[in-house]
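Inspection log for the structure reproduced underneath, given as structure tokens.
The values are calculated or read from the model by the stated rules, or taken from the named source; none is laboratory data. Not measured: the values here are computed from a predicted model. Ideal geometry is used to build each Cβ from the backbone, glycine not excepted, and the neighbour counts take in all protein chains shown.
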Amino acid sequence: MFHRIRRRRAEAEMAEILRRHAEFEARMIAEQGSPYSAATVPEPPAEPAPVVDDFLPPELRVPSHDQVEGRMMPWPWPVVLDDEVVACTECATYRDWLIISTYGQVWLRCRAGHQQLEPRLDTAWFNRHSGPSDATHATFEDCLRHLGH
């Protein structure tokens, strides 16, 4: 029973607050005028704005996928596929790989320079595991030197 009385008092107080607010708003509009009465249309500039290239400067642009031959990343851990550790077919090395993604294929390159195609890996796997590119190189050898191979 008491909660009904409290609820009615709260509703009456809220109605009084809303009434006072409406009166105050009516007085303010009467004194200053409504800010919404006349829509303000911005004036066109006297002279056209200069055309500015809204893109990154050339030194900050990243080449698109069709402008690069491929991507590489170091992989110091063993590559495990289907519960099998992948080893180099020529020297039997199983860690410290350089993983190369090019033309939709993924290649593994060991420290000795032997390369082998890994058909169980794809470009999606490479993209999930590689980080952002930190450099672009003109030649394959430059990239190898950059990655310490």
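For this structure, a couple of remarks:
- A count restricted to the stretch 59-101 and to residues that are under 23 Å from the mean Cα position of the chain (by Cα) and of a type in the set (S, T, N, Q) stands at 3.
- Test: residue 111 is basic (Lys, Arg), modelled with pLDDT of 90 or more, surrounded by 14 or more Cβ atoms within 10 Å (Cβ to Cβ) and closer than 17 Å to residue 77 by Cα: yes
- Against the conditions (1) within 23 Å of the chain's Cα centre (by Cα); (2) at pLDDT 80 or above, residue 54 satisfies every one except (2).
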